[in-house]
Amino acid sequence: MSEILFLAISLLLIHAALSDLLAMKIPNWLSLTIVCLFIPAAWLSDLSAAAIGYSLGVAVAVFAVCFLLFVLNVMGGGDAKLLTALALWFGLTPALLVFLVKVAFAGGVLTLAILAIRWKSHLVTDRGVWLPASLTTAKKIPYGIAIAAGALMAMPQAPIFLAAS
C-alpha cells in the first residue's frame, strides 16, 4: 500500500511542478490532497499519536515561516502551501532537514538554469519554438519545480514511508 501512496504523491508532485512551470500556479486542491493523503498514510504506517502531533506542529511552523515569506513577497502562496503539506509527511525528523536541503539545492540549480535560459531565450524563440513565460519573461522563479524535486528525492527517507515498508 505504501507504494500506491508513494506513486500518488509522486504524481501530485509532478503535476505541481508542471503547473508551476506552465502557469506559475500550484492549485490549492493539490496541496489539500497531499494533506488528506497523510491521514491514511499515517494509519497504514502505524505512526504514533506523538509522531502525528509532531508532524502537525512542523507543518504549522513551516506554514508560519512560509506565510511570512509570502507577506514579504519572497515566496508564492502555492509554494507556501505545497511546502506546508509536504512538511507534514516528514515530521520532526532528520528527514525534514534532508527534504529542505534538497529543495534548497534544487532551487539553486533551477534558478541558475532559468537565468541562463532567460539570458539566451531569444535564440530559441526566434526560431519559433515556444517557451513558457516562466522560463522567458516572468519576474519570479517557478519554485514549485524545486519543491517537487526535493520532495521526490527525500520522500524515501520520510519516516512515514519507512514505517510502512
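Summary of computed values
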item: About the Cα centre, charge dipole magnitude for the chain (Lys/Arg +1, Asp/Glu -1 at Cβ), debye; result: 540
item: Cα pair distances in the stretch 107-157, grouped into 10 Å bins until the bin that holds the longest one, percent each; result: 24, 44, 23, 8, 1
item: 22 Å Cα-Cα reach of K25 towards lysines, excluding residues that sit fewer than 8 places from it in its own chain; result: K81, K102, K139, K140
item: For G78, net neighbour charge (Lys/Arg +1, Asp/Glu -1) across residues whose Cβ lies under 15 Å away; result: +1
item: Cut-off 18 Å (backbone N to label point 7 Å along Cα→Cβ of V74), residues of the stretch 137-165; result: 140-144, 146-147
item: Heavy-atom accessible area per residue - the chain, 1.4 Å, Å²; result: 54
item: Electrostatic dipole magnitude of the stretch 74-165 [Cβ: Lys, Arg +1; Asp, Glu -1; Cα centre; debye, to 20]; result: 220
item: Alpha carbon centroid spacing (whole Å) that separates the stretch 112-159 from the stretch 12-31; result: 13
item: Surrounding net charge for L135, when Lys and Arg each add one and Asp and Glu each subtract one, Cβ distance under 13 Å; result: +3
item: Estimated [θ] at 222 nm from DSSP helical runs (n ≥ 4, -39500 (n - 2.57)) normalised by residues in the chain, nearest 500; result: -26000 deg cm²/dmol
item: Apportionment of accessible area to carbon and sulfur, the chain, percent (1.4 Å); result: 76
item: Helix runs (DSSP H) in the chain reaching 30 Å along axis by Cα, Kyte-Doolittle at least 0.5; result: 2-23, 49-71, 94-125
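The values are calculated or read from the model by the stated rules, or taken from the named source; none is laboratory data. Note that the coordinates shown come from a computational prediction; the quantities given were computed from them, not determined experimentally. For neighbour counting, all protein chains shown are included, and Cβ atoms are generated from backbone atoms with ideal geometry for every residue, glycine included. Quick note on the areas: whole protein, heavy atoms, side chains included, nothing else; ligands and nucleic acids left out. Shrake-Rupley method; radii C 1.70, N 1.55, O 1.52, S 1.80 Å.
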